[in-house]
Amino acid sequence: RTRIVQLYADIEQLGDTVVTVAGWVRSIRDMKNFGFVTLNDGSCFKDLQVVMNRGALGNYDEIAAMGVGSALVCTGTLALTPDRPQPFELQASSIVIEGASAPDYPMQKKRQTREFLRTQQHLRSRTNLFRAIFRVRSVAAAAIHSFFQERGFVYVNTPIITTSDAEGAGEMFRVTTLDVANPPLLEDGSVDWSQDFFGQAANLTVSGQLQAENFALSFGDVYTFGPTFRAENSNTRRHAAEFWMVEPEMAFCDLAGDMDCAEAMLKYVIGSVMDACPDEMAFFNKFVDKDLVERLTHVVTSDFARVSYTEAIKILQEAVDSGHDFEYPVDWGCDLQTEHERYLTEEHFGKPTFVTDYPAKIKAFYMRLNDDKKTVAAADCLVPGIGEIIGGSQREERLDVLERRITELGMSIDQYRTYLDLRRYGGCQHAGFGLGFERLVMYLTGVDNIRDVLPHPRTVGSADF
Ligand code: 4AD
Ligand code: MG
């Protein structure tokens, strides 16, 4: 079996030879004595045109009656067709039906809404749009590994089941081995969930950061890349209950170094995807977002903006003064809403923007307290169309300051013993960030809903299949 991508790559050698290609029917046209099957095998974005002649095929009528979506194995001579839009076609000498597709196949060759396609998780990856999205997703994942591996980072797999809450935000899914129908009870009659993971209270990880920090203090530079889970009930275009996160962590690194790494990584991944997926990018540019390629090209070749939270608030307040209408008020101390993030990166700076030094009150416990005692050494990267794509910070390496912060927030020192220990045995300045992988794929493709860049989205109201 030869894959279609190989035909395009090796057509000089393969022209006029006999090849076998297996794939799924995208359309069939029957002109009585001859006909055309458009086949795609998923190896690349391009289809193969298979020509069938009644005289050459014993099962011509059977093939001509095949439905869209059928799986066929086609053998024939690869004929060059230099004067036609597609450079070659397969003149079939045999077509074997591997699996017929029923007439109610939902992926007919017409444009369907993405809402409808979301209900077809098992089939939508056969459409042009979703083939393009998930190939880009795959190439972007490989590029992330290359970026860090080329720079000597160690890839560390962090646990999915954990007793700690890395963000301290209480947005965890509980993991339980208890008999839910018959749970153990406390003296007052309420359910005792504290024992649920073989005698401990455990949950699905919200972030691999704490364990990545641990490895950073052994290897220097490390990264995680894995699934994370958030039990936040946010039914938005950019929140999922299960998503993938890339989390580098670097010892002897400050916030500026952290941002340099994030910026270099984003540029590297964007450049790699544009190089490796020209057909997919051209498709997105035509059907999803007309400015995509131009915008991404500009991102790769220009510096990101960097602005402090305090300056960002001033910019937003000036926007309000000159008549811009935000839904949420803007005051120093408020968390930036998506509309504020998008104003900054889209309207004001017109490019990816780091916002730094947020108020401590609205950020996680592990971020390093600045000398002003009000702000922390945090940096979020905001991009046009999406808002926050990366959240990062320099970590609090001072044991006493960190303990005080954990206590102030009403969190349990005991739960963070191991993490605090890292500050007692050769702690050092260190920093890292988390890139929401789906948000990156949205940015790369112009697709505006996280449900369409997750192969099988788990979002509020959806965990099917
Ligand atoms: O800003 P967050 O919560 O930061 C952390 O988890 C840190 N521990 C990262 C670190 O410093 N190692 O999440 C990081 C990124 C966000 O910027 C966003 O892109 C993505 O993860 N993210 C989500 N993506 C999809 N659905 C959700 N519910 C997400 N929550 C966060
Ligand atoms: Mg964040």
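All of the numbers you see were taken from the coordinates with simple rules; none came from a lab. Since we're looking at a predicted model, the values are computed, not measured. Reconstructed Cβ throughout: ideal geometry from the backbone, glycine too, with neighbour counts over all protein chains shown.
Points worth noting:
- Distant-in-sequence amide contacts of Met172, defined by a placed amide H-H separation under 5 Å and a gap of 5 or more residues or a different chain, comprise Ala231.
- Here's the list of aspartates and glutamates a cross-link from Lys363 could span, going by alpha-carbon distance under 15 Å and ignoring same-chain residues fewer than 8 apart: Asp165, Glu167, Glu171, Asp335, Asp380, Glu388, Glu396, Glu408.
- Here Trp193 and Ala276 are evaluated by their C-beta separation; at R0 = 51 Å the FRET efficiency comes out at 0.60.
- Net dipole in debye of the range 4-99 [+1 Lys, Arg Cβ; -1 Asp, Glu Cβ; about Cα centre; nearest 20]: 260
- The range 240-304: chymotrypsin sites (Phe, Trp or Tyr not before Pro) in DSSP loop, at most 13 other beta carbons within 10 Å: Phe252
- For Arg306, the amide hydrogen comes within under 5 Å of the amide hydrogens of Phe354, counting only partners 5 or more places away or on other chains and with H modelled in the peptide plane.
- Dipole axis of the range 4-99 (+1 Lys, Arg; -1 Asp, Glu on Cβ), positive-most option in Thr17, Thr77, Ala64: Ala64
- Cα-based radius of gyration of the range 245-352 once divided by 2.2 N^0.38 Å, which approximates compact folds: 1.29
- For Ser70, residues with placed amide H under 5 Å, excluding near neighbours: Val25, Ser101
- Calculated FRET efficiency for the pair Lys286/Thr20, C-beta based, R₀ 35 Å, to 0.05: 0.65
- Between Gln6 and Lys46, the modelled labels are 1.6 nm apart [label points 7 Å from Cα along Cα→Cβ].
- On full extension, the segment bounded by Val300 and Gln317 gains 3.1 nm, given 0.36 nm per residue less the C-alpha separation.
- Taking every DSSP helix (H) stretch of at least 4 residues in the chain, weighting each as -39,500 (n - 2.57) and dividing the sum by the residue count yields a mean residue ellipticity at 222 nm of -8500 deg cm²/dmol.
- Per-residue 3J(HN,Hα) values for the range 239-248, derived from phi via the Karplus relation 6.51 cos²θ - 1.76 cosθ + 1.60 with θ = phi - 60°, read 10, 10, 7, 10, 9, 9, 10, 9, 10, x Hz in sequence order (x marks Gly and Pro).
- Given +1 at the Cβ of Lys and Arg, -1 at the Cβ of Asp and Glu and no other charges, the dipole of the range 52-166 around its Cα centre is 400 debye to the nearest 20.
- Bins of 10 Å, starting at 0 and running to the largest distance - Cα pair percent for the range 4-99: 17, 55, 26, 1
- Of the beta bridges in the chain, as assigned by DSSP with both residues counted there, near 90 percent are antiparallel.
- Descending principal axes extents, the chain, alpha-carbon based, whole Å: 85, 59, 46
- Each of the peptides 48-61, 437-450, 127-140 was scored by the mean count of other Cβ atoms within 10 Å over its residues; in descending order, highest first, they stand as 437-450, 127-140, 48-61.
- Percent RCO, i.e. relative contact order, over the chain, from Cα pairs under 8 Å lying at least 6 residues apart: 13
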